[in-house]
1. Would a scan of segment 95-105 turn up a residue that is touching a residue at least 40 places away in the same chain (Cβ under 8 Å) and either among the small types (Gly, Ala, Ser) or surrounded by 12 or more Cβ atoms within 10 Å (Cβ to Cβ) (or both)?
2. Of 79, 49, which residue is at pLDDT below 85, at negative phi, among the hydroxyl-bearing types (Ser, Thr, Tyr) and open to solvent by 60 Å² or more (accessible area, probe 1.4 Å)?
3. Can you spot a residue in segment 61-72 that is assigned to a helix (DSSP H, G or I), under 20 Å from the mean Cα position of the chain (by Cα) and of a type in the set (A, V, I, L, M, F, W, C)?
4. Does residue 24 satisfy being free of Cβ contacts under 8 Å to residues at least 24 places away in the same chain, surrounded by 10 or more Cβ atoms within 10 Å (Cβ to Cβ) and not in a helix (DSSP H, G or I)?
5. Using beta carbons and a limit of 6 Å, which pairs, at least six apart or on different chains, have the first residue in segment 31-46 and over 13 Å from residue 19 (Cα atoms) and the second one of a type in the set (Asp, Glu) and modelled with pLDDT of 80 or more?
Amino acid sequence: MNRDKSIKIRVSEDEFDRLKANCTGNQLAVWMREMCLGKQSRKRNPPPTVDPDLLRQLAAIGNNVNQLAKQVNSGQLGTGQVVQILASLDAIEQQLYALRTDHAG
């Protein structure tokens with residue numbers, strides 16, 4: 001949404017302090033817009049905590065998958081090798097889907 005209009009209002013020191021005290025977010029302008037336009041503030045859930053070792057392992061798997069994709073796309077592999085790699089990638093996809101399903105919040 002393009003917000004190209006501005007509204008300037010003057011408030012007393014006391015009014016400003018009350019506005020800041022009532023503000024439920026970090027930005028007064030966002031809070032005022034939500035209050036005046038009747039929008040509900042979107043509270044984001046914090047991302048789930050993930051074991052750093054798992055993240056490193058997933059990153060390593062991702063790097064290996066990228067290397068395989070590069071080889072397949074290079075055209076330097078024979079048909080049998082490409083079929084073998086695609087079968088491995090399909091197995092990885094199924095395992096990752098199962099992992100995601102098991103750990104979905």
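1. Yes, segment 95-105 contains at least one residue that is touching a residue at least 40 places away in the same chain (Cβ under 8 Å) and either among the small types (Gly, Ala, Ser) or surrounded by 12 or more Cβ atoms within 10 Å (Cβ to Cβ) (or both).
2. Numbers: 79 fails: at pLDDT below 85.
Residue meeting the stated conditions: 49.
3. Yes, there is a match, as at least one residue in segment 61-72 is assigned to a helix (DSSP H, G or I), under 20 Å from the mean Cα position of the chain (by Cα) and of a type in the set (A, V, I, L, M, F, W, C).
4. On the way: free of Cβ contacts under 8 Å to residues at least 24 places away in the same chain: yes; surrounded by 10 or more Cβ atoms within 10 Å (Cβ to Cβ): yes; not in a helix (DSSP H, G or I): yes.
So residue 24 passes the test.
5. Between residues of segment 31-46 that are over 13 Å from residue 19 (Cα atoms) and residues that are of a type in the set (Asp, Glu) and modelled with pLDDT of 80 or more, the close pairs are 41/34.
The values are calculated or read from the model by the stated rules, or taken from the named source; none is laboratory data. The model shown is predicted, which means the values in this text are computed figures rather than measured ones. Quick reminder, even Gly has a Cβ in these numbers, built from the backbone with ideal geometry, and neighbours come from all protein chains shown. Protein only, heavy atoms only, side chains kept; ligands, DNA and RNA dropped before computing areas. Shrake-Rupley method; radii C 1.70, N 1.55, O 1.52, S 1.80 Å.
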